[in-house]
Amino acid sequence: MRQLLLAMVGLWALFTGCAGGAGSDAPEILYGEDICDYCRMVISEQRHAAAARLDGHGHRFDDPGCLQGFLEANRGAANPVAWVHDETGSWLAVEEAWFVEDPERGTPMASGILAFGSRQAAGVAGRRFGAEPRRWTELEVRGEASAE
């Protein structure tokens, strides 16, 4: 019985570690309480929230544009890891996500950057906004994000 219990705990740890994918290490965000580490506004919308781990510290953002600006400002940091919420509200590593940019789209800091879990989902949204799906590295760095 003990071996069965240990095996079940091991499988649970394996699956919960993998089920969250890259998002399993994203710092927790307390919506309506936590402050964006870039623009200093309260983070209130899960759909647009983003996060990063840099130098062992968790960072929280209210808009993917804020994450973009933060990473740009910390370009020299070793091994940054970053996440965004996809259309389902799940954490997704920025390298795995597809993005649609629509400056007219209402995001908390007006970046207009929306993240999606698949190219297909981004394509559907992009057709509505007249935008092409892109990867994180293809996004235009705008406004304060490009300032040093």
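The values are calculated or read from the model by the stated rules, or taken from the named source; none is laboratory data. Bear in mind that the values here come from a model prediction, so they are computed numbers and not experimental data. Here Cβ is always computed from backbone atoms with ideal geometry, including for glycine, and neighbour counts include all displayed protein chains.
List of remarks:
Rundown of residues vs (1) basic (Lys, Arg); (2) within 9 Å of the chain's Cα centre (by Cα); (3) within 19 Å of Asp25 (Cβ to Cβ); (4) at pLDDT 95 or above, yes/no style:
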residue	(1), (2), (3), (4)
His57	no, no, yes, no
Arg60	yes, no, yes, yes
Arg75	yes, no, no, no
Trp83	no, yes, yes, yes
Asp86	no, yes, yes, no
Gly89	no, no, yes, no
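- In the set (1) surrounded by fewer than 21 Cβ atoms within 10 Å (Cβ to Cβ); (2) farther than 19 Å from Ser44 by Cβ; (3) among the small types (Gly, Ala, Ser), Ser90 fails one condition alone, (2).
- Yes/no for Glu104 being on the phi < 0 side of the Ramachandran plot and modelled with pLDDT of 90 or more: no
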